[in-house]
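Here is the structure we will look at.
The values are calculated or read from the model by the stated rules, or taken from the named source; none is laboratory data. Every value quoted in this text rests on a predicted model; they were computed, and no experiment measured them. So basically every Cβ, Gly included, is an ideal-geometry build from the backbone, and we count neighbours across all protein chains shown. Each accessible area value is taken on the protein alone, full model and side chains, heavy atoms only, with ligands, DNA and RNA left out. Shrake-Rupley method; radii C 1.70, N 1.55, O 1.52, S 1.80 Å.
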Amino acid sequence: PVADALDAGEDAQLVPDLTVRTRREGPGAKVGQTDEITMIVEDNGPGIVKAQTGNIFGRLLYGSRFHAIRQSRGQQGIGISATVMYSQLTTGKPAIIYSKIGDKQPVILTHLKLDTRNNRPDIISQEPVFGDEHRAQTEHGTRIEVSMVGKYQRGPQSISDSLPSTAIVIPHAWTVF
């Protein structure tokens with residue numbers, strides 16, 4: 001989700017502004033213990049149009065960046081949809097996506113799962129929201145929330161190690177963890 005957010009901002013010629021949050025669910029959640037973890041990634045990118053939300057988040061190998069005639073990150077179409085699939089397989093919960101494509105546009109709230117048998121999005125609900133919901137007061141952006149079962153740990157290949165490495169490679173991005 002972080003690489004997708006960075007790519008979206010880069011394609012739209014925006015300075016990326018990311019917020020990444022994780023939350024261990026349940027009583028007595030401890031580092032290194034298998035728990036349900038909710039991950040939230042929010043960006044200031046261009047947002048995703050309602051008609052494409054299902055394909056981008058709920059369809060494996062759906063490359064949304066094939067329009068660019070250059071080698072770049074994120075072309076394979078696996079990252080975000082695989083995250084949604086892993087979340088769904090481990091918790092049974094849908095991904096929750098908020099997206100806003102412009103200042104005068106509403107935030108579109110989508111709950112979706114991935115139909116693994118047919119590699120298609122299963123949109124549970126998709127509706128505009130107004131008021132204090134995600135990005136209602138900003139021009140554009142996307143937020144995804146997924147819950148998954150796993151071990152929250154620090155060290156090599158953990159989120160706490162990969163985000164600083166990302167900041168070194170993309171120093172113009174503003175990232176909050």
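With the requirement that a residue be outside any strand (DSSP E or B) and either at pLDDT 65 or above or open to solvent by 30 Å² or more (accessible area, probe 1.4 Å) (or both), what does region 9-28 give you? Don't jump to the end; show me each part of the working.
First, the residues of region 9-28 that are outside any strand (DSSP E or B): 9-16, 26-28.
Within region 9-28, Glu10, Asp11, Ala12, Gln13, Leu14, Val15, Pro16, Gly26, Pro27, Gly28 qualify.
Just give me the residues in region 29-43 being modelled with pLDDT of 70 or more and open to solvent by 70 Å² or more (accessible area, probe 1.4 Å), in sequence order. Outline the logic, then answer.
At the first step, the residues of region 29-43 found to be modelled with pLDDT of 70 or more are 34-43.
Selection gives Thr34 alone.
Applying the selection to region 88-104, what residues are surrounded by fewer than 16 Cβ atoms within 10 Å (Cβ to Cβ) and free of Cβ contacts under 8 Å to residues at least 40 places away in the same chain?
Across region 88-104, the qualifying residues are Leu89, Gly92, Asp103, Lys104.
Could you list, in sequence order, the residues of region 91-122 that are of a type in the set (D, E, K, R) and closer than 14 Å to Gly141 by Cβ? It would help to see each step written out before you state the result.
Quick first cut of region 91-122, residues of a type in the set (D, E, K, R) only: 93, 100, 103-104, 113, 115, 117, 120, 122.
Across region 91-122, the qualifying residues are Lys100, Asp103.
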